[in-house]
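Below is one structure, written out as structure tokens; comments come after it.
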Amino acid sequence: MRGKHIGILESRLGAELAGLVARRGGVPVHAPALAEEPDVDPAQIAALARSLEARPARLAVFQTGVGTRALFTALDSLLLIGKFLLLLRGMVVAVRGPKPAGALRARGVRIDRSAAEPFTTRELLACIEDLELGGGRVIVQRHGAANVELEHALEARGAAVAEIPTYRWALPADTGPLADLIARLERGELHAVVLTNAAQVRNLFAVAERLGRAGPLRVALNRTLVASIGPVASAALQEAGVAVGLESRPPKMGALLASLEEALS
């Protein structure tokens, strides 16, 4: 990576990722593409907890660590955490990956099903495909956006799905760094761009649309090495008309950086 300019759109772990790039000799260009905004409605969560007592759910699905922790924090404030944890004992608990698993274990929650790598909706559905859900309730901890694919698949099996919003993805308040990154891409100043979330792709193009530069951005990305952390981000890039230069396997930061370093060497 020595001397190579690398665009980084990661927000939560952006500074850490930029530091890892710098330690490998690269020059990070950090332009956070996401803001995580709280989307917890205490009244809705309280109503859900009460309804689960009257009509228990067969399955509880947890998709993200940050969302799971936000849900438990809200339940703490409502003094409903004990009741909710007790209700979970009567459900099959499924997780999309290690981060929600860690958040659940911290609260002593038993985990029954775990999605395999690369932790997409496909693997999540595969790990629960043998469950009888017809006529039953399923609660789903939402990540930054509604998982329409998951919801439709569960409903097709006869489940009544209740999503629990905990946070949502939005554009950062300051989109100046994103606009600067778009300009740098158009000028050919970046050797690679790293995408770690599908919403980053959508927000990058949303800013480009505002600037009237979506077309030039697409052209610029297609002449730049685009590194994706996994199939979900890759699908968003392909939907935007961008060729994926490399996809990390497994979908983890360390593997992504190792693949990027090899590709740039």
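Observations, loosely collected:
- Crossing angle, helix 14-23 versus the chain [Cα axis fit, 0-90 degrees, rounded to tens]: 40 degrees
- Gyration tensor (alpha-carbon) shape descriptor, the range 38-169, a/c threshold 1.5: rounded
- Neighbour counting of Cβ atoms within 10 Å sorts the residues 228, 77, fewest neighbours leading, into 77, 228.
- The base-10 log of I(q)/I(0) for the range 219-265, evaluated at q = 0.22 Å⁻¹, reads -0.71 [Debye formula, identical scatterers on Cα atoms, solvent excluded].
- For q = 0.13, 0.17 Å⁻¹, Debye-computed log10 I/I(0) when each Cα of the chain counts as one equal scatterer: -0.87, -1.23
- Simple spin-label estimate for residue 129 and residue 156 in nanometres, 7 Å along Cα-Cβ: 1.2 nm
- Here the residues 257, 211, ranked from fewest to most Cβ neighbours within 10 Å of their Cβ, fall in the order 211, 257.
- Global geometry of the range 92-199, whether rounded, prolate or oblate, following the gyration tensor of its Cα atoms and the 1.5 cut on a/c: prolate
- Cβ-defined net charge surrounding residue 183, 12 Å radius [Lys, Arg +1; Asp, Glu -1]: 0
- Rg [Å, one decimal], Dmax [Å, integer] - the range 126-265, C-alpha atoms: 18.2, 56
- Rounded tilt (10° steps) of 176-186 against the dominant C-alpha axis of the chain: 50 degrees
- Calculated mean residue ellipticity, 222 nm, the chain: -13500 deg cm²/dmol, from DSSP H runs (n ≥ 4) at -39500 (n - 2.57) each, averaged per residue and rounded to 500.
- Between helix 198-211 and the chain: long-axis angle, C-alpha atoms, 0 to 90°, nearest 10: 50 degrees
Quick note: the coordinates plus some simple rules give every number you see, no bench work behind them. From a predicted model like this one, the values you see are computed outputs, not experimental measurements. No Cβ is skipped: glycine too gets one built from the backbone with ideal geometry, and neighbour counts run over all protein chains shown.
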